[in-house]
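Take a look at the structure below.
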Amino acid sequence: MLEMRSVRVVRGGFAVLRDIDLSLESGRTTLLVGRNGAGKTTTLRAIMGLLPIEAGELAYDGADLRRMRAHARAALGIGYAPEDRRLIPEFTVEDNLLLPSLALRLSAKQARERLRMIYDLLPELPALRARLGGHLSGGQGKIVALGRALMVGTRLVLLDEPFQGLAPALAHSYAETLARVRAERRDLTLLVTESGPQLLEALVDVKLQIERGRIDSLAPARSDAAESAP
Amino acid sequence: MSIVLPLLVDGLAEAALIFFVAVGLTLVFSVLRILNVAHGSFYSIGAYVAVLLGTWVIGRGYAPALTFLSMLLAAALVAVVLGPAIERSFVRWTYGRPEAVQILVTFALFLIFEDLQKLAFGVQPYSQDAPMQLLGVSSIAGVVYLNYSIALIVLAVAVAAGLRLLLARTRFGKLVTAVVADREVAQTLGINTERVFVSAFTLGVFLAALGGALASATSGVAPGLGAEAIVLGFAVAAIGGLGQIEGALLAAVIVGISRVVAIYFMPELQPVAPYLVMLTVLLVRPFGLFGSPAMRRL
Amino acid sequence: MSAALLSAAGVTLSFGGVRAADGVDVEVDTGEFLAIIGPNGSGKTTFLNLCTGYLRPTAGSIRLEGRDITGLSPRAIARLGIARAFQIPQLFAEHSLLENVMLAVAAEQGFWRPLRPLDRPAHRKAALPLLELMKLDEHAERAVSELSEGIRKLADIALALALRPKLLLLDEPTSGVSNAEKFALVETLAAALHNENVTAVFVEHDMEVVRSYADRVLVWDQGRIVADGPPNAILSDPRVLQNVVGVT
Amino acid sequence: MQLIPYAVAMAGIATLPLAFPWLSFLFVLAIAMGFAALGVALLLRAGLISIGHAMFYGLGAYATAFLTRWGVTDLMLLLVGTAAISAVAGTLVGAFVVRYRAIFFAMLNLAVSMVFFTLVSKLYALTGGSDGMRVGAPTLFGRAYSRAVIEAVLLYGSLALLVVVGFLVHRYLQSSMGQALSAVHTNEIRLAYLGVSVRAVLLAAYAASAALAGIGGFLAAVAIGHVVPEMTYWTASGQLVLVAVLGGAGTVAGPFIGAFFLEAVRSLAAGYLAESWNLVIGVALLVVIFFLPGGLHGLMHAGFVPRGRAA
C-alpha cells in the first residue's frame, strides 16, 4: 500500500536518507531497526510530509504522496506517533484524542464511533479521559499518543521508537497492548521503528535494517509470516 | 480624587486601544512565532480607512450611528484585503528563517506602508468626531466622562473575553491551540497549519485595524501613528508575556494606569511610563507577567 | 572529610511531585572509570545535570575535593574542574572542528584578550595533540556540521578534555554510534582518559561496554542508586538484569 | 584576504570629493552610519538583534553637542570623550540587557532607547526638545579652522578612523572573545560548560557596539552641526539593523557598504521621491533579503555566506 523508491532526504547539506526503498503491505507489521542517527525517524517523518523529499518516489495506494502536504496525508488515514509523545498539554486526554476528528471535520457520529473504538482497544484510556495531556506519566502518555495515532491512522500507523523512555515493565505492557491492537485490527498496517527490537519479535511480519540512510537487509522476521498474511 | 478618576478613565481608554494592537501582536507571535513590526501599519491604515468611511457616511447624510458600523467595516476591510495577502507572500517566506530576517522583512513592510500612507493621505491629520459626539458625556458625582472612553474600555474587555472563548471553545480555537503547542504534530493530526496561520494573522490584522479605527474617533490620524502604536504594542505584549491574552490585557491596564500616574506627577515624562514599566517587569520576570521560560533538555 | 574526588550527599531534586533524584549518596574516587546504568527516566542524566550545575538540587550537597559546589553555575563548576560531554554532541556549528577545540583551549588558557587571534600557534599546539589523541586529526579543518555522529561524539569529548578537567562526566558516549565503531570509540576514550589522568563517570546503555571498561558500576532506578559494585558482580545480579538490562 | 577592493574603495572615498565637493558630507554621514551599523552587526553575530542602538548613536551625538556647549571643541577630545561616554553607557545598559535573548533582547533595547528618546525630546530646557541642539564649531589641537578645512579634516579623519577602528574590530572578531560571539549564537550552553562567562562575552561586545555607535553619532553631529531627537527614535534603530544586514553582517566592511548604499539611495531618492524614500529603502531591503542572503558584501565577493541556522 505504501511504496518508497530511491528516496533521498537532505538536512543541513547532509543526506540523512540516501536511497530508501521501502514497501509496506496492507495488514502487515514492519519493523525498522537501526542505530540512532541511521535515519529511522527521518524515514517516518518523510512519509508524514514533515520533511521535504529531495528525490525519489513516495506512493500510497498508487497516489503520489509527495504532492500532498502533511495534513492531507493524515486525511488519507495515515497516523503517526512521534517518539516523545508530544500531546497537547493544555488539552484533556479526550480532547487530545478528538483533535484529529476536529481537524479532519469528521461528523459527531463518526468521531464518537472512532473514540469508542479507541477506548475499546486501549482500555487504559477511559479512566484517563479527563486528565490533562501535560499531567500524564511517561507510560500513560505513550498509550494516549498511540490512541491518537489510531484515531488518525485508520489504515496505516507509524510508531517511532514506541518503547523509548519506558521502563522495562511498562514496555512489556505497551507491547502487549500493541499485540492486542494488532489482533483486533487485522486490516491495519503498522510501521514501527525500534533500536532494541526484542519486545516486538512476536508481532512483526517484516524486519528491515536501516544503516547510514539506506535500508540494507530485508529479512522476514517470522517464517510463518507469509502463511498468516491474507 | 476628583481628578484621578477621569484621568483613570482616559488612561484605561488609551490602554484599551493599545490592547487591541498588543493582543493582535501577541496572537500572531504565538501562532506564527514572528514579531511583526508591520503590525503598527495595520493600526494606522485601519484608522485612515475608518476616517474615510466615517466622513463619507456623514457626508452622504446617513445616520451618524452608522459610523460605528463603518469603523468595524474599516477594520474588516483592512484585515481581509491585507491579512491573507501579506501572510501568504512575505511573512510565509520568513518561516524558519533567523529572527533578524523575520524582523527585517516586517520592518521593510512597515517602511513601505508608512510611505504608501503618506502618498495616499498626505501629511495633514485626518479626524472624525461623529462617534464621540454621538455617545456624548455622562457625569457621575460632578465629574464628567466621555461615554466613548467607557465604551472603549468595555469593548476591550469584551474582545479579550471573546478571544478567550474563541480559543477555548471553538474548533478554530482548538486548532490554534494545537498549532501553538506543537506545529508539527498538529499537521500529522490533519490540521492545515497554513490555513491556521492565515486566519490567525488576519485576525491579528483585524484587531490592530480595529484599534486604529476606534482611535480615529479620539485623535487625529497622521503619519507616525503606526510607529508609535507598534512600540507601545511591543511594550504591552512583552510586559504581559508574549502569547498571553490575559497578560496583554493586564499589561495594558498597568500601562494605562502608569500613564495616569505619570500625568499626575510628571506630565512631561508620561510617554516614558510604559517603557519604565516594561523594564521593571522584565527585570523581575524576564519572560513577562504571564510568560514562562522553555528549558532545553541536555 | 574523605579523600573522594566527588561526593554527593542526600542529593534530591523534585519537581511537580516527581523525584528525579531521591537522596543520592555516592562518592567517586580519583582515577576511577565509573559507569552509571539504569532504565530510561531513572535519573542518570539528571544526576549529571545536578553535578554540573545545570539543575540545582532541592536538598543535599555535592562536593568536589571537599569543596561545596552545590548550586554553582555550570561555568563556575567547569572552572573548578568538572567537564562534561553530552548525549547529543554540543558543538559550535559555525566553526571548524579545530576552532571548536581551540575555543575550549582558549577557555582554559586565557580567554579575555580582545586583540589576540584565537587561531594562534599556542592554541594549535594544545588543540592538535588532543585531536590526535581522539583520532580526529584528519577532520580538523572540517565544519562540525559535516561530521558524522560518531565523530561529533568524539569531538564533544575532546572539547571537554581540552579543559584538563579533574573529573569528566560523559552522557551515553556510545549512543548513536554504530556497533562497529562503538568499541573503537571507548577504546580511544579510555586510552585518552588514562593518558590525561582524568577520572570519569559515564552513563552507558551497552552492557558489553560497561563490562569491558568500567571499574565500578552504579545502578540507577527511580532517582536512586539501587546497586553499586564492580561490573562482574553487578551484571550478574538477576534483579539488575531484569530491571535494567530488560532480560526476562 | 583581498585588500584590493577595499583599497580601491578607500581611494574613491578620498578622491571623489575633490571633484564633487558635495560628496564629502555624504561620505562622512555614510561612515558615521557605518560605525553605528558595525556596532549592531557585532551583536548580530551573537544572534542578538538590537532595535535600540540609535540610542547610542544619539548619545554620541548629544554628548558631542553638550561637550561643545561646555567648551570642549577639540575634535580629538570629542572623539575620545564620546566614545568613552558611549562605552560606559553601553556597559551600564548592557549589564541589564545581555541577560536576555531573542525577541526579549530586541524589545528591551527598544524600550531603553524609547526612554532615552522621550527624555531628549521632552527635557526641553536641557536638550531643546524636538528643536534639537546646536553643535558648536569644532577645533583641532586648540585652533579654529574654516568650515572647508574642518570638512576636509572630517572626511579624511573619519576615513582614517574607519581604517584604524575597522582593523581593531577585525582583530577583535578573530580573537577568542570575538569568535565566542557566534559560539554564543550556535551553542551558548556549551560555552558555559567550557567555563566561559557568556555574559562577559556579550557585555564586552555590547560595550564595544555602543562605543562604535557613539563614534558614529559624534561624526554625524559634527558633520551636520545639529542634533535632534529623531536620531534616536526606534525607526532609526531599525534602520541600523537594516544597514547591517543589507551590507552583510558577517564582516567589518559589510555595514559600511550598507551605509554607503543607503546614503546613495537616500540622495538619489531625495531628487525624485523626497516623500517616499522609506518606500525605496523598504523595497531595496526586501530585494536584498530575498535574493542576496550574504548582503551586498556577499554580492561583491560572490562568496557563499551561510544564512545562519534555519530553525
Task: Hits in segment D:68-90 (condition: of a type in the set (S, T, Y) and closer than 21 Å to D:G52 by Cα) - done: D:T82, D:S86
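From the list D:L23, D:L29, D:L38, D:L43, which one is without any contact (Cβ under 8 Å) to a residue 60 or more places away in the chain and either assigned to a helix (DSSP H, G or I) or at positive phi (or both)? So that I can check it myself, show each step before the final result.
On the way: D:L29 fails: without any contact (Cβ under 8 Å) to a residue 60 or more places away in the chain; D:L38 fails: without any contact (Cβ under 8 Å) to a residue 60 or more places away in the chain; D:L43 fails: without any contact (Cβ under 8 Å) to a residue 60 or more places away in the chain.
Step by step, each of D:L23, D:L29, D:L38, D:L43 is checked, and only D:L23 is without any contact (Cβ under 8 Å) to a residue 60 or more places away in the chain and either assigned to a helix (DSSP H, G or I) or at positive phi (or both).
Matching residues to (1) open to solvent by 40 Å² or more (accessible area, probe 1.4 Å); (2) small (G, A, S); (3) within 14 Å of chain B (Cβ to nearest Cβ); (4) assigned to a helix (DSSP H, G or I):
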{"residue": "D:G81", "(1), (2), (3), (4)": "no, yes, no, yes"}
{"residue": "D:V93", "(1), (2), (3), (4)": "no, no, yes, yes"}
{"residue": "D:I103", "(1), (2), (3), (4)": "no, no, yes, yes"}
{"residue": "D:M114", "(1), (2), (3), (4)": "no, no, yes, yes"}
{"residue": "D:S121", "(1), (2), (3), (4)": "no, yes, yes, yes"}
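Residue-by-condition table, conditions (1) open to solvent by 20 Å² or more (accessible area, probe 1.4 Å); (2) of a type in the set (S, T, N, Q):
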| position | (1), (2) |
| --- | --- |
| C:T12 | no, yes |
| C:I37 | no, no |
| C:F47 | no, no |
| C:Y54 | yes, no |
| C:R63 | yes, no |
| C:R75 | yes, no |
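Kindly provide the set of residues from segment C:141-187 that are of a type in the set (S, T, N, Q) and surrounded by fewer than 20 Cβ atoms within 10 Å (Cβ to Cβ), ordered by number. Steps first, please.
First, pick out the residues of segment C:141-187 that are of a type in the set (S, T, N, Q): C:145, C:148, C:174-175, C:178-179.
Of everything in segment C:141-187, those that are of a type in the set (S, T, N, Q) and surrounded by fewer than 20 Cβ atoms within 10 Å (Cβ to Cβ) turn out to be C:S145, C:S148, C:S175, C:S178, C:N179.
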Task: Elements of type helices (runs of 4 or more DSSP H) contained in segment D:145-242, each with 3 or more residues being of a type in the set (V, I, T), open to solvent by 10 Å² or more (accessible area, probe 1.4 Å) and in contact (Cβ under 8 Å) with a residue 40 or more places away in the chain - done: D:147-174
- [ ] Could you list all residues from segment B:198-210 that are open to solvent by 10 Å² or more (accessible area, probe 1.4 Å) and not β-branched (V, I, T)?
- [x] B:S199, B:L203, B:F206, B:L210
Task: Residue that is surrounded by the most Cβ atoms within 10 Å (Cβ to Cβ) [pool: residues in segment B:19-75 that are under 12 Å from B:A130 (Cα atoms) and either among the polar types (S, T, N, Q) or under 12 Å from the mean Cα position of the chain (by Cα) (or both)] - done: B:T67
Task: Subset tally (residues that are within 13 Å of chain B (Cβ to nearest Cβ) and closer than 15 Å to D:A244 by Cβ) for segment D:258-288 - done: 6
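State whether one or more residues within segment D:263-281 are on the phi > 0 side of the Ramachandran plot and part of a helix (DSSP H, G or I).
Pass one, segment D:263-281, residues on the phi > 0 side of the Ramachandran plot: none.
No.
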- [ ] Scan segment A:125-134 for residues that are surrounded by fewer than 19 Cβ atoms within 10 Å (Cβ to Cβ) and within 14 Å of chain B (Cβ to nearest Cβ) and jot them down.
- [x] A:L132, A:G134
Open item on the list: Among (1) within 14 Å of chain B (Cβ to nearest Cβ); (2) not in a loop (DSSP other than H, G, I, E, B), there is one condition D:G52 misses while meeting the rest; what is its number?
Closed with: (2)
- [ ] Quickly run through segment A:141-172 and pick out the residues that are over 9 Å from the mean Cα position of the chain (by Cα), more than 13 Å from chain C (Cβ to nearest Cβ) and closer than 19 Å to A:R129 by Cβ.
- [x] A:I143, A:V144, A:A145, A:G147, A:R148, A:M151, A:V152
TODO: Please go through segment D:62-117 and pick out each residue that is within 19 Å of the chain's Cα centre (by Cα), at pLDDT below 95 and aromatic (F, W, Y).
DONE: D:F105
Task: Given (1) free of Cβ contacts under 8 Å to residues at least 40 places away in the same chain; (2) basic (K, R); (3) over 17 Å from D:S197 (Cα atoms), number of the condition C:R63 does not satisfy - done: (1)
- [ ] Look through D:F141, D:F167 and report the one residue that is within 14 Å of chain C (Cβ to nearest Cβ), aromatic (F, W, Y) and closer than 20 Å to D:L219 by Cα.
- [x] D:F167
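Kindly state which helices (runs of 4 or more DSSP H) lie completely within segment B:85-188 and contain at least 1 residues that are more than 14 Å from every other protein chain (Cβ to nearest Cβ), among the aromatic types (F, W, Y) and open to solvent by less than 20 Å² (accessible area, probe 1.4 Å). Explain how you work it out, then say what you get.
Working: elements: B:99-121, B:130-135, B:147-169, B:171-181, B:183-188.
The helices (runs of 4 or more DSSP H) meeting that bar are B:147-169.
Is it true that A:R114 is of a type in the set (K, R), at negative phi, away from chain B (no Cβ under 12 Å) and open to solvent by 60 Å² or more (accessible area, probe 1.4 Å)?
Numbers: of a type in the set (K, R): yes; at negative phi: yes; away from chain B (no Cβ under 12 Å): yes; open to solvent by 60 Å² or more (accessible area, probe 1.4 Å): no.
So A:R114 fails the test.
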- [ ] Specify the residue that is surrounded by the most Cβ atoms within 10 Å (Cβ to Cβ); the eligible residues are those in segment A:42-64 that are aliphatic (A, V, I, L, M) and more than 14 Å from every other protein chain (Cβ to nearest Cβ).
- [x] A:L58
Task: Filter result (open to solvent by 10 Å² or more (accessible area, probe 1.4 Å) and either at pLDDT below 90 or among the β-branched types (V, I, T) (or both)) within segment A:147-167 - done: A:T154, A:F163, A:Q164, A:G165, A:L166, A:A167
Open item on the list: For segment C:223-245, check the following and say yes or no: at least one residue is open to solvent by 70 Å² or more (accessible area, probe 1.4 Å), charged (D, E, K, R), assigned to a helix (DSSP H, G or I) and within 14 Å of another protein chain (Cβ to nearest Cβ).
Closed with: yes
- [ ] Sort out which residues of segment B:241-273 are within 13 Å of chain D (Cβ to nearest Cβ), in contact with a Gly (Cβ under 9 Å, 6 or more places away or on another chain) and either open to solvent by less than 10 Å² (accessible area, probe 1.4 Å) or of a type in the set (K, R) (or both), and write them in order of number.
- [x] B:G241, B:A251, B:V255, B:R259
Open item on the list: Just to be sure before I move on: is A:G27 more than 10 Å from chain B (Cβ to nearest Cβ), small (G, A, S), farther than 22 Å from B:T193 by Cα and without any contact (Cβ under 8 Å) to a residue 60 or more places away in the chain in the structure I sent?
Closed with: no
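Going by the structure shown, is A:A145 at negative phi, free of Cβ contacts under 8 Å to residues at least 60 places away in the same chain and in a helix (DSSP H, G or I)?
Numbers: at negative phi: yes; free of Cβ contacts under 8 Å to residues at least 60 places away in the same chain: no; in a helix (DSSP H, G or I): yes.
No; evaluated as a whole, the condition is false for this residue.
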Task: Residue match in segment D:42-51 (condition: surrounded by fewer than 23 Cβ atoms within 10 Å (Cβ to Cβ) and either under 18 Å from D:V112 (Cα atoms) or among the β-branched types (V, I, T) (or both)) - done: no
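The values are calculated or read from the model by the stated rules, or taken from the named source; none is laboratory data. Worth saying up front: this structure is predicted, and the values here are computed from it rather than measured. Ideal geometry is used to build each Cβ from the backbone, glycine not excepted, and the neighbour counts take in all protein chains shown. Remember, those area values only see protein heavy atoms, side chains included, never the ligands or the DNA or RNA. Shrake-Rupley method; radii C 1.70, N 1.55, O 1.52, S 1.80 Å.
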